[in-house]
Amino acid sequence: MKAYGVILFHTTSGVMQTEKLLLKAGFVIKLLPTPREFSSDCGIAIRFEWFQSESVQSLLTQDNIDFKAVHRLNVQTDF
């Protein structure tokens, strides 16, 4: 089982801003529909590898990114 983190957002513009920031910082991310087990105002989430959770959240806070939450997501296989 692989552990990922998912970032939930209030708006699509928050997703796009975060995607640009994380890619520029060298993180491997993937845009995906918000997983069913989490509710969100925006239907798009960003997935990243969970071991990078502290670094991702620190960067989001440092750059004043408007996000709703960060959750751990365990998956059997890759999306």
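Rule-based calculations on the coordinates, nothing more; no lab input. This one's a predicted model, so the numbers in the text were calculated from it and none came from an experiment.
Helix content alone sets the calculated 222 nm mean residue ellipticity of the chain: runs of n ≥ 4 DSSP H residues at -39500 (n - 2.57) each, divided across all residues, give -9000 deg cm²/dmol.
Give the separation of the Cα centroids, the stretch 1-17 to the stretch 27-79, in Å. That distance is 3 Å.
Lys-Lys pairs in the chain that are eight or more residues apart or on separate chains and whose Cα atoms lie under 21 Å of each other come to 4.
Taking amide hydrogens as placed 1.01 Å from N in the peptide plane, the amide H of residue 73 sits under 5 Å from those of 4, 5, 6, each at least 5 positions away in sequence or on another chain. From the Cα gyration tensor of the chain, with a ≥ b ≥ c the square roots of its eigenvalues, which class applies: rounded if a/c is under 1.5, or else prolate if a/b is larger than b/c, or else oblate? Note, shape of the chain comes out oblate.
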